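Before any comments, here is the structure.
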Amino acid sequence: MYINNNSMSQSVANSLTSHYGNLATSTQRLSTGLRVNSAADDAAGLAIRELMRSDVTALQQGIRNANDAISLLQTADGALGIIDEKLIRMKELAEQAATGTYDSTQRMMIESEYQQMASEITRIANATDFNGIHLIDGTLSGKIAEGKDHDGSGLTAKGMMKIHFGTNNDSAEDYYYIQLGSATASSLGVGNQADASVSRAYTVSTQEQAQKALVGLTDAIVSKDKIRAHIGALQNRLENTISNLTTQSENLQSAESRISDVDVASEMTNFVRNQILTQSAVAMLSQANSMPQMAMRLIG
């Protein structure tokens, strides 16, 4: 029997410290819902989890990027729908001017409206923008002054629009481009803004020019329809991209959960076990601390 050193009490105290630490860990895991709360819990798991979390966050923003691109395309398509109406009206005017029942004065009245429609087409093309980015005036047609398809090195990107949705910067996986043709009157070859030497829909001021304009306007409508068809294809592609990104994000979140989240049923079992062991250790420490008092009986 020893007084100066109570090895029994020290042993129980060490057990109590260990059990109390385990109880604190279980309490933290149950309160946060995470198995890995710090690098000490699982260093490798923490590293994997943080990479997965960054990818999930990037993918979710990529989904928003793709949705913004769809909104942009819908804006362009809506403007082209209005331009379509103007082209149809111009063809109606050309048909009217192509017949011989009108004299030159009446045909010039038709010509006035015809040119106004062409000017409106150009105005719509130049005014259609999304977040300050012009869509169908040739800005996104692809070629720029420097001879490059796309240049994002400056504060304002030039050329085709890059839609980025992936977690890295791989051209085959993480982004692709939106390229929209110009829908101005000069680009479509209609009205007096077009090149008179090549445009067949330059004017309807004479019967002959009006007849030629019918062919030129058909070509312009086809050109406009090609742009709209391209927009529709891009929109469908973006929707498929969003579906794929959503699936990737869900799978990554599930994988991250399996690494990081706590199994509540298992951890609750550990919590109860550690709680009982802690309470038992406290009781035994009290008993162990009372052992030296037995020496007083021998002394007395």
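Just so you know, all these numbers are worked out from the coordinates, no wet-lab data involved. Please read all numbers here as calculations on a predicted model, not as lab measurements. Positions of Cβ are backbone-derived with ideal geometry, glycine not excepted, and every protein chain shown enters the neighbour counts.
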By how many nm would the segment from residue 54 to residue 24 grow when fully extended, if each residue of separation counts as 0.36 nm and the alpha-carbon distance is taken off? 7.9 nm
What whole-number distance in Å separates the alpha-carbon centres of the range 52-93 and the range 223-252? 10
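Excluding residue 65 itself, calculate the net charge of residues whose Cβ lies under 13 Å from the Cβ of residue 65, where each Lys or Arg counts +1 and each Asp or Glu counts -1.
That sum, taken over residues with Cβ under 13 Å, equals 0.
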Check: the chain dipole with +1 on Lys, Arg Cβ and -1 on Asp, Glu Cβ, in debye: 980
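Figure the gain on full extension for residue 130 and residue 218 (residue separation times 0.36 nm, minus the Cα-Cα span) and round it to one decimal in nm.
My answer for the length gained is 28.8 nm.
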With respect to the cross-link table entries 91/162; 162/212; 158/224; 158/226, which display a Cα-Cα separation exceeding 31 Å? 91/162; 162/212
